[in-house]
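The block underneath contains the structure these notes are about, expressed in structure tokens.
The values are calculated or read from the model by the stated rules, or taken from the named source; none is laboratory data. Note that the coordinates shown come from a computational prediction; the quantities given were computed from them, not determined experimentally. Here the Cβ positions follow ideal geometry from the backbone for every residue, glycine too, while neighbour counts run over all protein chains shown. Quick note on the areas: whole protein, heavy atoms, side chains included, nothing else; ligands and nucleic acids left out. Shrake-Rupley method; radii C 1.70, N 1.55, O 1.52, S 1.80 Å.
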Amino acid sequence: MQENEPNQNDRRGGGENGFNWKGLILLSVAMGLFGLAIWSKGLSSSSKAITYAEFKKLVQDGKIHVDAAAQPPKLLRLVQRDGSVKQYVTGWYEAEVADQKGGSKYREFSVPIILDYVGDEMKALLKEKNLEISDLPTDSDGLGMMMMSFYLPIFFLLILLYFLFRHQIKAAGKGAMSFGKSKAKLMTMDKAKVTFKDVAGVEEAKEEVWEIVEYLRDPKKFQRLGGRIPKGVLMVGSPGTGKTLLARAIAGEADVPFFSISGSDFVEMFVGVGASRVRDMFEQGKKNAPCLIFIDEIDAVGRHRGHGLGGGHDEREQTLNALLVEMDGFDTQEGVIIIAATNRPDVLDPALLRPGRFDREITVGLPDVNGREEILKVHAKKVKLAEGVDLGVIARGTPGYSGAELANVINEAALLAARKGLKAITLAELEEARDKVRWGKERRSLAISEKDKEKTAYHEAGHAILLVLLENTDPLHKVTIIPRGPSLGSTMWLPIADKYTQRKSELLDQLVVIMGGRVAEEVVFGDVASGASGDIKQATAIARKMVCEWGMSEELGMVEYGDHQEHVFLGRDMGSPRNYSESTAQKIDAEVKRLIDTAYAKATELIVSHRDKLDVIAKGLLEYETLDAKHIHEIMEHGGIQNPPSSPMPPDLPSDAPKKRPVEKEKESEGDFPGLPAPA
């Protein structure tokens with residue numbers, strides 16, 4: 001990749017982040033001139049104002065002091081101020097009391113006169129005492145002096161302010177017409193370089209984008225067979241799967257300029273700015289061709305046209321039109337490759353997805369067990385692991401985790417080991433970090449009454465016992481009544497291998513397991529609590545998908561009912577009518593209820609027949625708070641725990657924290673903390 005050119009702001013002597021020395025100097029000079037004008041005006045008006053009668057008395061008493069050798073000379077002067085008809089005679093007189101500051105008894109005076117009335121009298125009075133006025137300025141001289149003393153500082157002040165604001169406007173916005181300039185940033189190689197070695201778990205996606213890098217390095221290799229470079233690559237995947245990281249790896253591997261921009265950078269409050277920025281972005285790409293342009297979250301600007309709510313001019317649609325024309329219009333930009341990333345491909349405009357614009361769509365999915373192990377190894381290089389830690393164990397225990405979640409597991413394990421004062425991260429910290437990332441942190445300090453704790457224990461025991469008894473379920477991981485995340489207790493199960501499809505028998509058994517918590521409460525206490533709200537919601541969602549999407553209902557057959565989208569697009573979904581009748585809707589509701597009622601009845605039968613094992617599991621949870629899968633199997637086989645776990649330890653508190661535990665409440669509502677089983 002080519003080195004980035006120096007920033008234009010740096011060459012101007014100031015930037016958005018640099019200190020504006022020029023502006024500070026100009027502002028200081030302007031304020032100095034302004035203060036000088038005020039000070040000079042104050043000096044000119046510092047003399048004592050006396051009346052003409054007092055002036056006559058001072059002349060007659062011989063108090064007027066004239067000293068031509070003094071600095072400044074103490075002479076009688078006649079000046080004209082403010083362009084009025086009045087003139088002022090200024091000079092020095094001998095005061096009776098000396099000045100306290102300088103010890104001088106001579107003070108300056110100023111007397112206003114009108115020469116037309118007292119001019120002859122004043123001349124005779126001064127001639128009698130051998131005094132004379134040193135200068136008699138004309139009207140033009142007085143006007144010029146007024147201009148110089150009053151308007152000249154203001155003129156200089158305005159000039160300096162002009163240069164100051166002109167410099168500030170250039171430094172901040174590069175002029176008022178810079179709104180349409182592209183915000184694409186040219187990535188350099190010297191900052192946190194990422195290569196394909198840093199990307200793991202998405203081998204197929206790496207192979208497809210590696211072809212683009214090879215084409216840019218050696219285009220003749222592909223042109224011999226008549227192949228052409230793809231104009232656009234769209235990376236689609238769930239959040240956290242590594243789409244942006246893959247684009248950064250392309251930037252690190254390619255030897256061509258790489259521009260990065262977000263889809264939201266095109267949309268502004270001003271009309272036409274988005275389209276102008278698109279054109280400017282491609283203009284920059286054309287100057288640096290061949291080059292790569294990465295647009296992150298392109299769904300912010302590429303949404304389906306014609307689905308906006310309300311009327312009027314849609315600025316986003318105009319930006320999309322400009323993007324469509326630039327990617328494959330009459331004036332096609334050769335050598336400019338667009339790489340875009342989104343996790344909402346369902347809302348993108350079809351014209352944007354056609355070949356010729358985005359020739360290749362790469363799915364960046366969740367990693368499998370081998371990919372998860374590779375990702376953990378990449379992130380484990382930045383931390384210190386203890387000897388003998390097998391990351392494959394964590395990889396097998398994290399099905400469905402994305403790359404971002406796996407990175408968070410490593411980071412949480414490092415923080416946990418540091419909090420314990422360990423020198424390296426062990427497998428125990430990685431296990432705890434995995435549970436924390438997926439199910440939340442343990443809240444041992446939560447005050448729960450003994451009655452609610454017993455209900456939670458039987459609730460989770462109902463889930464656990466059914467996981468062991470049923471054949472088509474995933475293996476039990478562990479069960480706990482320690483509050484974790486939003487729940488008062490959790491039953492955790494993990495699949496043996498990654499699953500990409502689900503069979504009907506597995507879903508039916510999963511419904512039975514979900515009903516186990518509510519059934520256990522009803523069998524033991526004869527009453528139910530609100531803690532099963534999450535179970536009910538989860539079971540209803542599974543049963544409805546079995547009926548409406550997966551064709552697993554004998555009554556309704558293999559027909560899809562409704563337009564099932566992963567995400568809601570309001571502009572599209574509001575106008576789409578329901579594709580089944582009211583009578584069919586009643587059949588769907590009846591079939592969903594039948595599936596749930598059947599699962600509830602089967603769960604009741606199994607729990608009643610194994611009531612003694614249920615009591616043992618619940619008592620074990622009340623005593624040890626957490627039981628692993630091996631403890632549950634020991635209870636089911638031998639009627640008790642053969643190798644009991646260690647007694648629960650109180651939570652680690654900081655040294656300055658209070659040592660007493662909070663007083664237990666009489667009743668803790670389970671509605672806000674539903675004790676639902678967490679799916680893998």
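So the values come out like this:
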item	result
Residue satisfying condition, being assigned to a loop (DSSP other than H, G, I, E, B) and of a type in the set (S, T, N, Q), within set Thr473, Thr456	Thr473
Flag if Gly240 is open to solvent by 20 Å² or more (accessible area, probe 1.4 Å) and at pLDDT 85 or above	yes
Matching residues, the stretch 281-321, being charged (D, E, K, R), open to solvent by less than 50 Å² (accessible area, probe 1.4 Å) and modelled with pLDDT of 85 or more	Asp296, Asp299
Residue within the stretch 456-464 that is open to solvent by less than 50 Å² (accessible area, probe 1.4 Å), under 25 Å from the mean Cα position of the chain (by Cα) and of a type in the set (Phe, Trp, Tyr) present	no
Which numbered condition Leu467 misses (of (1) under 24 Å from Met515 (Cα atoms); (2) part of a loop (DSSP other than H, G, I, E, B); (3) not hydroxyl-bearing (Ser, Thr, Tyr))	(2)
Which numbered condition Glu554 fails, given (1) open to solvent by 50 Å² or more (accessible area, probe 1.4 Å); (2) in contact (Cβ under 8 Å) with a residue 24 or more places away in the chain; (3) under 13 Å from Arg594 (Cα atoms)	(2)
Single residue of the stretch 526-539 satisfying the filter (part of a helix (DSSP H, G or I) and open to solvent by 50 Å² or more (accessible area, probe 1.4 Å)) that is nearest to Pro367 (Cα to Cα)	Lys537
Unmet criterion (only one of (1) closer than 25 Å to Ala251 by Cα; (2) surrounded by 16 or more Cβ atoms within 10 Å (Cβ to Cβ); (3) modelled with pLDDT under 90) for Leu353	(2)
Selection from the stretch 379-389 of residues that are open to solvent by 30 Å² or more (accessible area, probe 1.4 Å) and assigned to a helix (DSSP H, G or I)	His379
When residues of the stretch 254-279 are limited to those that are closer than 19 Å to Arg357 by Cβ and among the charged types (D, E, K, R), the one most open to solvent (accessible area, probe 1.4 Å)	Arg279
Selection within the stretch 426-452 - under 25 Å from Leu494 (Cβ atoms), open to solvent by 50 Å² or more (accessible area, probe 1.4 Å) and among the basic types (Lys, Arg)	Lys436, Arg438, Lys441, Arg443, Arg444
Filter pass, Thr398 being touching a helix residue (DSSP H, G or I) at 6+ places or on another chain (Cβ under 8 Å) and either of a type in the set (A, V, I, L, M, F, W, C) or touching a residue at least 60 places away in the same chain (Cβ under 8 Å) (or both)	no
The stretch 421-431, subset in contact (Cβ under 8 Å) with a residue 24 or more places away in the chain and outside any loop (DSSP other than H, G, I, E, B), residue farthest from Thr604 (Cα to Cα)	Ile425
Out of Val523, Val519, Val512, sole residue that is in contact (Cβ under 8 Å) with a residue 60 or more places away in the chain, open to solvent by 40 Å² or more (accessible area, probe 1.4 Å), farther than 30 Å from Asn370 by Cβ and in a helix (DSSP H, G or I)	Val523
Number of the exception - Lys191 against (1) of a type outside the set (A, V, I, L, M); (2) modelled with pLDDT of 75 or more; (3) surrounded by fewer than 16 Cβ atoms within 10 Å (Cβ to Cβ)	(2)
Considering residues of the stretch 469-498 that are closer than 16 Å to Leu621 by Cβ and touching a Phe, Trp or Tyr at 6+ places or on another chain (Cβ under 8 Å) only, the residue modelled with the highest pLDDT	Leu476
Close pairs from the stretch 432-453: first free of Cβ contacts under 8 Å to residues at least 60 places away in the same chain and farther than 25 Å from Ala529 by Cβ, partner open to solvent by 50 Å² or more (accessible area, probe 1.4 Å) and of a type in the set (S, T, N, Q), Cβ under 6 Å, at least 6 apart	Val437/Asn408
Residue within the stretch 364-375 that is touching a strand residue (DSSP E or B) at 6+ places or on another chain (Cβ under 6 Å), closer than 26 Å to Pro345 by Cβ and surrounded by 15 or more Cβ atoms within 10 Å (Cβ to Cβ) present	yes
Among (1) aliphatic (A, V, I, L, M); (2) open to solvent by 10 Å² or more (accessible area, probe 1.4 Å); (3) farther than 25 Å from Arg354 by Cβ, the one test that Ala251 misses	(2)
